[in-house]
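Here the structure comes first, spelled out in structure tokens, and everything after it is commentary.
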């Protein structure tokens, strides 16, 4: 059942609006040279940080369609009745959300990096930090989506909730991009693992609490 | 004979309001029970409590494997009906046929009428193979043909040792034991 859920969610992501966050990510990356000017040295210095801000903003876009539609049409209730625990539903949704978000963002990072004059070792570091960070970001997005499902103006509240919680990820990702230090990426990975381990329980409890 | 559903001295409170208390009953194989009562008396809540989607304030509920049909469709709107039902059961064809949905297998769920969606949720329950059926307002949006087909399915389910708990303020076809909830 859980495999079917992951397949179904990934299919819905790809046939639905999976490209939207990616287009938004590229758009924000395009805005940076306009905002700070075309100086290649300045751009390549602030580029990785700007890419990560773009990635965080892009992660916000799909939040409202991660949990709420399934909550509204009874899908979550039926999954529980078919013996899937709420925590497993959340874990499945995290996996499916990463599948429709992580790889596409990874690919989109190439043109975005080119726009910001990031190349060579710096590009490798940016790609590594995205590879390590996006699973944690996907887990956080699902947890926030579950916490805000059914609330009025859920989208804005989700932004206020997700962005501060993503700060640790951002700090170590940016530190790794700037310095290439092993400790920085180890810390980024540790935070991503913490988010991956904790989010299913947070989201599962939120789904359970929403059943009134 | 073991009961498929047993309520023991159950109380349920929702939003600070006590819907019912000291409710006890058993539902064994071959039995059907209707929960009746005016709007807002707690029929749907009782069904959700029986399904395990709500927690009782007091008392205890034992249940066997069950299937639930309520107002929530729980089918992907963009998929053809057949494939949407297959997410829940690998072979829904017999149940779809029994509810007159065979010709709609390729129709997208989003284009179906509310009566057809009701039949689809009932088909999911019929295809589930669960011994206990929980039906919340099963006659809502059903036409007389749909109600007749549901009646056949319920009879057959009872003959094969199943049980049905239905919440409805309407008269259901056949002989039903009744629980009356007061508003």
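Quick note: the coordinates plus some simple rules give every number you see, no bench work behind them. The shown structure was predicted, so the numbers you read here are calculated from the model rather than taken from an experiment.
Using only Cα atoms, find the angle between the long axis of helix B:144-159 and the longest principal axis of chain B, and express it within 0 to 90 degrees, rounded to the nearest 10. The angle comes out at about 60 degrees. Where does the Debye-calculated log10 I(q)/I(0) of the stretch B:5-180 sit at q = 0.14, 0.16 Å⁻¹, using only Cα point scatterers of equal weight, no solvent? Relative scattering, expressed as log10 I(q)/I(0), comes to -0.73, -0.94. Comparing A:174, A:85, A:72, which has the greatest mean-square fluctuation in the GNM of chain A with Cα pairs linked when under 10 Å apart? Among A:174, A:85, A:72, the largest mean-square fluctuation in the Gaussian network model of chain A belongs to A:72.
Divide the volume of the convex hull around the Cα atoms of the stretch B:6-91 by the residue count and you get 133 Å³ per residue.
Across all directions, the average projected area of the convex hull around the alpha carbons of the stretch A:2-209 is 11.1 nm². Of B:58, B:166, B:98, the residue with the greatest mean-square motion in the GNM of chain B, using alpha carbon springs below 10 Å, is B:58. The angle separating the long axis of helix A:19-36 from the principal Cα axis of greatest extent in chain A is about 30 degrees.
Against chain A, whose longest principal axis comes from its Cα atoms, helix A:40-60 is set at around 10 degrees. Among B:64, B:128, B:168, which one shows the biggest mean-square fluctuation in a GNM of chain B, springs joining Cα atoms closer than 10 Å? Top of the fluctuation ranking is B:64.
I'd like the distance between the alpha-carbon centres of the stretch B:12-75 and the stretch B:117-143, rounded to an integer number of Å. Cα centres, the stretch B:12-75 to the stretch B:117-143: 16 Å. Given 10 °C and 1.306 mPa s, how large is the Stokes-Einstein diffusion coefficient of the protein assembly as shown in µm²/s, with Rh as the Kirkwood radius over Cα pairs? Value of D from the Cα-based Kirkwood radius: 68 µm²/s.
Expressed as a whole number of Å, what is the distance separating the alpha-carbon centroids of the stretch A:175-212 and the stretch A:99-114? So the separation of the two Cα centres works out to 20 Å. Computed over chain B, relative contact order equals 32 percent, with contacts defined as Cα pairs under 8 Å that lie 6+ residues apart.
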